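Note sheet for the following structure.
The values are calculated or read from the model by the stated rules, or taken from the named source; none is laboratory data. Note that the structure is predicted; figures quoted are calculated from it, not measured. Reconstructed Cβ throughout: ideal geometry from the backbone, glycine too, with neighbour counts over all protein chains shown.
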Amino acid sequence: MEIALDEQPEPIKIIPRNGFIAFLLSLLTPGLGQIYNGQPNKAAWFLFFLLSIPMIFNFAKGTTTFYGLVVFIVYVVSWKIFIIIDAIRNANRQKNFIPKSYNTWYYHLLIAIGILAIIAISNIPNRTKPFRIPTTTNHPTIIEGDKVIADLKAYKNSQPNYGDVIVYTKPDGFLYISRVVGLPKDSISVVDNIVNINGVPCHSTFIKKTFSDNMPMKIYEEELPNGHKHLLLKINQPFESDKANAAMVVVPKDAYYILGDNRDNSLDSRYIGFITKDKIKGRVLYSFWGRTGKKRMNIDFTQQ
């Protein structure tokens, strides 16, 4: 008589979690370290909080102020660090870990792709965007090397006003920055680099002599019709006197006349014509860094 032997159960595999692997996975994809540790629910909650707060900041205009930007950066960085630390600590504790069905390299890869896809889909266009200033066009207010923040939705429900420093595109497709000095239907002329609006010269006050690009220059304060005051530079001997004295033009409907604060060194409406509303991409708000470090932090360009 044959005796059937009972089938022996497969031995349970115990594979301890590795803190370094958990670190790498979390660094590459937030929450993947928790998946590696067999904690998918925790991974989902971590991902939810990582994505939801930036969305709230975006809708609440949180990064339209310098300190709001600081809070946002601190939150995102701190939360990512916390996720990494949590993954490492839990991995080091699990010496008798029994792998789950999804604890294979190919499942981890698929999950990583899924998480990154969720991040990409939920990453709605940011309200604000950083820019680095490469030229001296807007000296002395905005300096070459400044890193600034622009509000890309500043004119969604409003119109540009006198003194606004705007981000706009030219026919070459690149982004540029200049100051609005003429609104639709305004009559604009330039006399000795001072703007005349509707036949009235803007009030200008001499501030001091200075040097820019090793050239002797003068700094003036110009006041626009809405009371906005800003500084501008004028070279003692302009490169092109005809541009320092531009004939009167009328700004078309839905267009704007823009000038750089460095009046003798700016490729603005005197050269390229009017800027239509559809070419305006946003308004420059403030700086968050520059070549001189913290001296160029938190400069409010909406007030100067």
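At-a-glance table
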{"item": "Members of the stretch 59-83 found to be surrounded by fewer than 16 Cβ atoms within 10 Å (Cβ to Cβ), at pLDDT 90 or above, among the hydrophobic types (A, V, I, L, M, F, W, C) and within 25 Å of Phe301 (Cα to Cα), listed by number", "result": "Val70, Val71, Ile73, Val74"}
{"item": "Positions within the stretch 8-43 being in contact with a helix residue (DSSP H, G or I) (Cβ under 8 Å, 6 or more places away or on another chain), outside any helix (DSSP H, G or I) and not charged (D, E, K, R), in sequence order", "result": "Asn18, Thr29, Pro30, Gly31, Asn37, Gln39"}
{"item": "Count - residues of the stretch 10-24 that are closer than 17 Å to His108 by Cβ and over 48 Å from the mean Cα position of the chain (by Cα)", "result": "1"}
{"item": "All positions within the stretch 120-169 that are closer than 30 Å to Pro30 by Cα and assigned to a strand (DSSP E or B)", "result": "Thr128, Lys129, Pro130, Phe131, Arg132, Lys147, Val148, Ile149, Ala150, Asp151"}
{"item": "Per-region count, the stretch 59-106, residues touching a residue at least 60 places away in the same chain (Cβ under 8 Å), in contact with a strand residue (DSSP E or B) (Cβ under 9 Å, 6 or more places away or on another chain) and not aromatic (Phe, Trp, Tyr)", "result": "5"}
{"item": "Residue match in the stretch 120-129 (condition: touching a residue at least 12 places away in the same chain (Cβ under 8 Å) and touching an Asp or Glu at 6+ places or on another chain (Cβ under 6 Å))", "result": "yes"}
{"item": "Restricting the stretch 271-304 to residues that are aromatic (Phe, Trp, Tyr) and surrounded by 14 or more Cβ atoms within 10 Å (Cβ to Cβ), the residue that is farthest from Leu69 (Cα to Cα)", "result": "Phe274"}
{"item": "Leading residue by the ranking (farthest from Val190 (Cα to Cα)) among those in the stretch 218-275 that are among the basic types (Lys, Arg) and out of contact with any helix residue (DSSP H, G or I) (no Cβ under 9 Å at 6 or more places or on another chain)", "result": "Lys253"}
{"item": "Residue count, the stretch 193-203 (criterion: more than 18 Å from Pro140 (Cβ to Cβ) and either outside the structural domain of Thr136 (by TED's automatic domain parsing) or not polar (S, T, N, Q) (or both))", "result": "5"}
{"item": "In the stretch 170-185, the residues that are among the basic types (Lys, Arg) and either free of Cβ contacts under 8 Å to residues at least 60 places away in the same chain or part of a loop (DSSP other than H, G, I, E, B) (or both)", "result": "Lys170, Lys185"}
{"item": "Residue satisfying all of: in the stretch 204-230; hydrophobic (A, V, I, L, M, F, W, C) and buried (at least 18 other Cβ atoms within 10 Å of the Cβ); nearest to Asn138 (Cα to Cα) among these", "result": "Ile219"}
{"item": "Number of the condition not met by Ser187 [criteria: (1) touching a Leu at 6+ places or on another chain (Cβ under 7 Å); (2) small (Gly, Ala, Ser); (3) farther than 15 Å from Thr141 by Cα]", "result": "(1)"}
{"item": "Answer residue from the stretch 47-100, given it is assigned to a helix (DSSP H, G or I) and of a type in the set (D, E, K, R) and is farthest from Ile118 (Cα to Cα) among those", "result": "Arg93"}
{"item": "Lone qualifier among Asp164, Asp146, Asp151 - being in the same structural domain as Val249 (by TED's automatic domain parsing), under 30 Å from Tyr220 (Cα atoms) and in contact with a Leu (Cβ under 7 Å, 6 or more places away or on another chain)", "result": "Asp151"}
{"item": "Answer residue from the stretch 36-58, given it is out of contact with any Ser or Thr (no Cβ under 9 Å at 6 or more places or on another chain) and without any contact (Cβ under 8 Å) to a residue 12 or more places away in the chain and is farthest from Arg296 (Cα to Cα) among those", "result": "Asn41"}
